[in-house]
1. Criterion first (touching a residue at least 24 places away in the same chain (Cβ under 8 Å) and out of contact with any strand residue (DSSP E or B) (no Cβ under 9 Å at 6 or more places or on another chain)) does V28 satisfy it?
2. When you scan region 108-121, do you find a residue that is surrounded by fewer than 18 Cβ atoms within 10 Å (Cβ to Cβ) and at pLDDT 95 or above, even just one?
3. Condition first: of a type outside the set (A, V, I, L, M), in a helix (DSSP H, G or I) and either surrounded by fewer than 18 Cβ atoms within 10 Å (Cβ to Cβ) or near ligand 1 (Cβ under 8 Å from one of its atoms) (or both). Now tell me which residues in region 135-177 satisfy that.
4. Being more than 22 Å from E248 (Cβ to Cβ), within 16 Å of ligand 2 (Cβ to nearest atom) and modelled with pLDDT under 95: is that true of S335 here?
5. I'm trying to understand the selection: among the residues of region 230-260, which are more than 25 Å from D287 (Cβ to Cβ) and either touching an Asp or Glu at 6+ places or on another chain (Cβ under 9 Å) or charged (D, E, K, R) (or both)?
6. Is it fair to say P181 is over 22 Å from V330 (Cβ atoms) and near ligand 1 (Cβ under 9 Å from one of its atoms)?
Amino acid sequence: MKVLGIETSCDETAAAVVCAGREVCSNVVLTQVAQHRPFGGVVPEIACRAHLEALPGVIDMALEEAGSTWDDIDAIAVTSGPGLASSLLIGVSAAKGLARSLNKPLLPVNHLEGHVYSVFLDSDVSVADASPLLMLLVTGGHTCLILVEALGVYRLLASTCDDAAGEALDKGAKLMGLGYPGGPEVELAAKGGNPGAIDFPRGFKHHEKDALGFSFSGLKTSLRYYLENHPDLLSQGGLPDLAASYQEAVIDALVMQLERALRQHEVRTFACVGGVARNQRLRQRLDALSVKTGLPLMLTSLPYCTDNAAMIAAIAGARPHEPAGMELDVKPSWSL
Ligand code: KG4
Ligand code: ZN
C-alpha cells in the first residue's frame, strides 16, 4: 500500500509518500521557524495561515520526489490530533478534499503514534521483534514513557506533571537570551561548557523510589533565580557552563526515569523518539544506559525525530486504520 501522509499539527508543513508502512519514497518538511522566531514561540494564527499557503506545494513536491502520480496513491493519511486546532484543521481539510475528489480512503492518524513508529523507519527491526519495548517520547508538547506491547498496543507509564522536556529547553533558552526553537540553541551554546558547573534540580529525583514521572517547571524557575542572582554571568562568558548544566539537568531527569522504568518492566528493547531525541548529549547518555543495562537501544534517525509526515504515512500503512468520513474533526487533545 502506498500512502500519502499530511502533517500540520504545529509549525512544520509536511507531506510524504511511504510504501508498505516502512519504505519512505519522499519526505518533504517545510519549517515555519523563521516566521515564529521574532515572537520566541509558535503563534497559532501565523502557523495556520502558513500551512494554508504552503501545503498544496508541499504535497506536490512529495508526490514528485516519490515519482508518484495520484493514481499510485492508495490512501490519504493525516494527523488529526493532538496539536494546535487551527493548524490541524488545515491538514485535515486538505486530506478530506483529496480523499473525496480522488475517491481514496481517508485515514486519521494520532501524531503521538506517528512519533512512536518513527523509530522503525530506516530500521530492519520490526515492532514484533522489538516488543515489549520501553519508549521515551520527548517532544515540545509531550514527555512520556510508553510501554509498547505490540503495534497499536501502548501502555502509558508516566508523563510530565507540567512542562515537556522540549518546552523546558525552549523556555530555558529564552531566559538565557537564546533563539527559538530552544533545544538546538541550548545544545549549541552548551558546546565546551561544563555540565557539572551548576547544580540545577532534577525533577522527580526525590520522589519515592518506584514513582515514575517528569516535572520541569521547578528547573525553569531555578534557572530564572540563578540568572537574577548572577546578573553578570552572561556578559562574562558564563553561557557555555550555564547551558551545559541546564541541558544536563533535563537529560538527567529523562535518563533517571527511563532507568527506573527499565528496572520495573521486563522489556526486549528501549527507544527514544521525538524532537528532543535529536540532542547528541541525550543520545550519548542513552547509549551509555544501553551498555549499562545490556539492552539494545533504538534511536529514531535524525530526519524523523522532529515533526514530519513520513511517520504519519508509515503508521497508517503499517497498522490497519479505520477510514473516516467527511465528518472527521480535529482532536487537539487526543491521547495515545
Ligand atoms: O517532535 P517535535 O518536532 O514537535 C512536537 O511534536 O512538539 O519537537 C520539537 C521540540 C522543541 O521543543 C525543540 O526545542 C526540541 O524538540 N528539539 C531539541 C533539539 N532539536 C529539537 N531539543 C534538544 N536538542 C535538539 N537538538
Ligand atoms: Zn511532534
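1. Criteria not met by V28.
2. Just the residues of region 108-121 that are surrounded by fewer than 18 Cβ atoms within 10 Å (Cβ to Cβ), to begin with: none.
No; the residues of region 108-121 include none that is surrounded by fewer than 18 Cβ atoms within 10 Å (Cβ to Cβ) and at pLDDT 95 or above.
3. Within region 135-177, G166, E167, D170, K174 qualify.
4. For S335, the condition - more than 22 Å from E248 (Cβ to Cβ), within 16 Å of ligand 2 (Cβ to nearest atom) and modelled with pLDDT under 95 - is met.
5. Correct list: D232, L233, G238.
6. When the stated conditions are applied, P181 passes them.
Quick grid of which residues meet (1) in contact with a Pro (Cβ under 9 Å, 6 or more places away or on another chain); (2) of a type outside the set (K, R); (3) closer than 23 Å to D124 by Cβ:
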{"position": "R260", "(1), (2), (3)": "no, no, no"}
{"position": "V267", "(1), (2), (3)": "yes, yes, yes"}
{"position": "F270", "(1), (2), (3)": "yes, yes, yes"}
{"position": "G274", "(1), (2), (3)": "no, yes, yes"}
{"position": "Q280", "(1), (2), (3)": "no, yes, no"}
{"position": "A288", "(1), (2), (3)": "no, yes, no"}
{"position": "V291", "(1), (2), (3)": "no, yes, yes"}
{"position": "M298", "(1), (2), (3)": "no, yes, yes"}
{"position": "Y304", "(1), (2), (3)": "no, yes, yes"}
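Condition check ((1) over 16 Å from the mean Cα position of the chain (by Cα); (2) closer than 14 Å to G21 by Cβ) across all residues:
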| position | (1), (2) |
| --- | --- |
| A75 | yes, yes |
| A85 | yes, no |
| S93 | yes, no |
| R100 | yes, no |
| V109 | no, yes |
| S123 | yes, yes |
| V127 | yes, yes |
| L133 | yes, no |
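The values are calculated or read from the model by the stated rules, or taken from the named source; none is laboratory data. Everything numeric here is computed off the predicted structure, so don't read it as measured data. When we count neighbours, we look across all protein chains shown, and the Cβ atoms used for this are built from the backbone with ideal geometry, even at glycine.
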